[in-house]
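Accompanying notes for the structure given below.
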Amino acid sequence: MRARSQLRKIEPNKRSAVFDKHIACVALLVLAVAAATACKPRTPSNNNDASPTRQAQPQKKLSREERVEIFEDVWKTINENYYDPKFNGVDWPALHDHYRPRFEAAGSDYEFYGLFEVMLAELRDSHTVFVRPKSPEGEGKFNPAGGVGISLGEAEGKIVVAEVEPDSDAERAGAKPGMSLRTVNGKTVDQLFADIKARFPGSSSERSMKSVMMTALLYGGFLGSSRTFGIEDFDGKIFNVSVTHFSPRTEAPVLEARRLASGFGYIKFDHWETPVDQRFNDELAKMMDTPGLILDLRGNGGGSGEVLLNIASNFFATETSYGGFRPRNGEIKKYYTHRTERVYTGAIVLLVDENSASASETFSQFMQESGRAFVIGRQTCGCVLNSYSKRTKDGGTLRYSARVYVSPKGRILEGTGVAPDEMVTLTIADLRRGRDAALEAAENRLRILRQSGRRES
């Protein structure tokens, strides 16, 4: 884990809307498990968070007629507007007759809304989700606010601690990168994964599904807003990390920038949201003389297409096709970079992993296909659809995939993701040593490109 003191961190005061008309920020981490599980992203949404300490107020429950009307509205919207007329191989009309009786018979509104999560997951599409209206019912059962002090990854077939937040309960308890997560609230990771898989149809790809499951271990409401992690240390001993409350997190995109000792530039940001494009341009202006640039998109789940094009335009002297989006009728709308006052002409390496999703994937594929960047890391999520939003009469929001990204060379990334030019696997030994093997590989690649006089892969 990089020392934060070495980085210039820029946090804007506001965050723009997650969804715009070009690309929607990936929603895979808010997918839920059956009627009781909701996975919490690292940055909470003010419109969907439940606070376990807030006093619940009386609320009128949905009638049977209202439930039927909401269900029919959601089903019909998908039936008429979903980007794929074949519904990813799912018999969508048959699902209507299968699920409607279950929606009518739901024992509570909480269970009713949970069924949307199950039904929409049949599409195996991480961008198509239903966000239930804010309600005191189920208060404290799902979407606990803030972080838990650790992030998870998969290394050598184990679920391991990938990062530990400084000054967190986890750090004080002795959790370190490379240690294995064995239990959560007394249940083994294997037991919890089996439970999730038994009730949850799936997601866009195996990588996406694994991210959903790991996020459920950290934030899933079925485990409550408090949890105890059983972590195996480097000597094989298990110790517990109890998280009784969650630290607040900013929703604003964070950008980190620095010059490496090698002389190459390094920029990392976690969302493609305004004003990160302006912050990016300001930092890039300070690095125009660097012979090579590393853009770290690991863990970046997506965001605005307009922001993406504003950043991408820094690397092309002429208007260049970024690819486009194909809706249900098959007519692709194409997008292009625009001319800027200055263009960075040095070599570029992109770092990606399985949590690089949506806009991060389309940007990486575009840069790779254009020959403008060399991609290093692990295959990306494969979660690359464009979502539209629709409000339902109860105050909920249906987000559904209306368009699919098609790269300049005609490749569709949904379900497959971006294949790096050079794979770098995550290992326990590297985590224990604090070694960033992918970053080292990126610097080595830039040295090779500089020696050969090339700017691209």
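The values are calculated or read from the model by the stated rules, or taken from the named source; none is laboratory data. Because the structure is predicted, anything quoted here is derived from the model rather than measured. When we count neighbours, we look across all protein chains shown, and the Cβ atoms used for this are built from the backbone with ideal geometry, even at glycine.
Worth pointing out:
- Hey, Arg339 surrounded by fewer than 17 Cβ atoms within 10 Å (Cβ to Cβ), in contact (Cβ under 8 Å) with a residue 12 or more places away in the chain and more than 20 Å from Glu443 (Cα to Cα) or not: yes
- Scope the range 357-379; condition at pLDDT 95 or above, among the polar types (S, T, N, Q) and crowded, with 24+ Cβ neighbours inside 10 Å; matching residues: Ser360, Thr362, Ser364, Gln365
Matching residues to (1) more than 27 Å from Gly382 (Cα to Cα); (2) assigned to a loop (DSSP other than H, G, I, E, B); (3) at pLDDT below 60:
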{"position": "Ser45", "(1), (2), (3)": "no, yes, yes"}
{"position": "Thr53", "(1), (2), (3)": "yes, yes, yes"}
{"position": "Glu65", "(1), (2), (3)": "yes, no, no"}
{"position": "Phe71", "(1), (2), (3)": "yes, no, no"}
{"position": "Val74", "(1), (2), (3)": "no, no, no"}
{"position": "Ala94", "(1), (2), (3)": "no, no, no"}
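- When the range 413-446 is filtered for residues that are farther than 15 Å from Glu354 by Cβ and exposed (fewer than 15 other Cβ atoms within 10 Å of the Cβ), the ones remaining, listed by number, are Ala429, Arg432, Arg433, Gly434, Arg435, Glu440, Asn444.
- Candidates Glu283, Glu361, filtered to the one that is outside any loop (DSSP other than H, G, I, E, B), of a type in the set (D, E, K, R) and closer than 22 Å to Val424 by Cβ: Glu361
- Some residue of the range 104-113 being under 19 Å from Ser211 (Cβ atoms), at pLDDT 90 or above and among the acidic types (Asp, Glu): no
- Unique residue being within 19 Å of Arg207 (Cβ to Cβ) and in a helix (DSSP H, G or I) when the list is Ala438, Ala442: Ala438
- Verdict on Asn79 being at pLDDT below 50, on the phi < 0 side of the Ramachandran plot and either in contact with a Pro (Cβ under 8 Å, 6 or more places away or on another chain) or not in a helix (DSSP H, G or I) (or both): no
- For first residues located in the range 403-416 and touching a residue at least 24 places away in the same chain (Cβ under 8 Å) and in a strand (DSSP E or B), partners that are of a type in the set (S, T, N, Q) and surrounded by 21 or more Cβ atoms within 10 Å (Cβ to Cβ) and lie 6+ apart or on another chain with Cβ distances below 8 Å form the pairs Arg403/Asn386; Val404/Asn386; Tyr405/Thr362; Tyr405/Asn386.
- Residue count for the range 197-218 under the criterion of being modelled with pLDDT of 75 or more, surrounded by fewer than 20 Cβ atoms within 10 Å (Cβ to Cβ) and not acidic (Asp, Glu): the result is 2.
- Checking each residue of the range 133-148 against the condition of being on the phi < 0 side of the Ramachandran plot, under 27 Å from the mean Cα position of the chain (by Cα), modelled with pLDDT of 90 or more and surrounded by fewer than 19 Cβ atoms within 10 Å (Cβ to Cβ) gives no match.
- If you go through the range 343-355 and keep only what is at pLDDT 95 or above and of a type outside the set (Val, Ile, Thr), you end up with Tyr344, Gly346, Ala347, Leu350, Leu351, Asp353.
- Going through (1) closer than 13 Å to Tyr405 by Cβ; (2) modelled with pLDDT of 95 or more; (3) not hydrophobic (A, V, I, L, M, F, W, C) one by one, Gly382 falls short only on (2).
- Restricting attention to the range 255-269, the residues that are crowded, with 21+ Cβ neighbours inside 10 Å, in contact (Cβ under 8 Å) with a residue 60 or more places away in the chain and farther than 15 Å from Gly292 by Cα add up to 1.
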